[in-house]
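Below: the structure, in structure tokens.
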């Protein structure tokens, strides 16, 4: 039997932008959470995503460039992932593994504060990030993820601890090598979808955002998430404010 796990959501700020960025063609503005997740396993402590770099709180324009004109950022100086871990009694330098869903600023930006972890990333994502043209097309900036971590490139599904309790699931489409993660808790499976599925509405309506690397792949990933949900898993959508109200502790 898999060992019991503990999954803890970490709130790492908020972003507000045009709703169409999340749901194509929908007017208005939407305020969304920037989450990361700590998983405690007998073989090590793992993060899924790392939120934004601490400098975003101090000077978003200097850190984010043109993105600071697209998103309004709300982030306290202690709200970066290392600060959130410290509040929970976990030292950032004691994190063993980081699984990033993908390499965008609000998912990989906090890597700089997690110095000793191995980084698990899909091979397709890492290779795209090394290609200047693909990286630019997909909004990947080396300053968010190039910090000398040991890189574990995985190709497809990957059983992190070898016991089925934490499994990386390829959900390509948002970016070339996006991945989600299934976590097997005593209360049932939870799937951390990342940006494969921004919102409940994304899944229910197959309503894609304005900017997608590959629409066909993203729709296929949504089908996969829907099948996991039908099989009993809870889907933790990447930026859903209503879900966040239910699961967060802050």
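The numbers here are math on the coordinates, done by the rules we state, and not lab data. Source: prediction; values computed, not measured. Please note: Cβ atoms are built from the backbone with ideal geometry, for glycine as well, and neighbour counts cover all protein chains shown.
The slack between residue 118 and residue 200, meaning 0.36 nm per residue of separation minus the straight C-alpha distance, is 26.4 nm. With a Förster radius of 30 Å applied to the beta-carbon distance between residue 142 and residue 70, the computed FRET efficiency rounds to 0.95.
When only Cα pairs below 8 angstrom with a gap of at least 6 residues are kept, segment 6-247 shows a relative contact order of 17 percent.
Reducing segment 223-250 and segment 73-120 to their Cα centroids gives an inter-centroid distance of 21 Å.
Sorted from largest to smallest, which semi-axis lengths in Å does the alpha carbon gyration tensor of segment 1-125 give for its equivalent ellipsoid, taking the root of 5 times each eigenvalue?
Values: eigenvalues 144, 54, 37 Å².
Equivalent ellipsoid semi-axes, largest first: 27, 16, 14 Å.
In a fully extended conformation the segment linking residue 131 and residue 214 would gain 28.2 nm over its present Cα-Cα distance, using 0.36 nm per residue.
Considering all different alpha carbon pairs of segment 197-240, the Kirkwood hydrodynamic radius works out to 10.6 Å.
Peptides 136-148, 175-187 ranked from most to least packed by the mean count of surrounding Cβ atoms within 10 Å: 175-187, 136-148. Highest mean first, the peptides 88-99, 233-244 sorted by other C-beta atoms within 10 Å per residue fall in the order 233-244, 88-99.
Dimensions of segment 118-250 based on its C-alpha atoms, expressed as ranges along the principal axes with the largest first, amount to 40, 36, 31 Å.
Of all alpha-carbon pairs in segment 134-201, indicate the percentage at a distance above 21 angstrom. Please list the in-between numbers first.
Numbers: 841 of 2278 pairs.
Everything past 21 Å amounts to 37 percent.
The packing ranking, built from the mean of other Cβ atoms within 10 Å per residue, places the peptides 53-59, 209-215 in the order 53-59, 209-215, highest first.
Between residue 157 and residue 86, the modelled label-to-label distance comes to 4.0 nm, taking each label 7 Å out from Cα in the direction of the beta carbon. Using the alpha carbons alone, the radius of gyration of the chain stands to its Kirkwood radius in an Rg to Rh ratio of 0.93.
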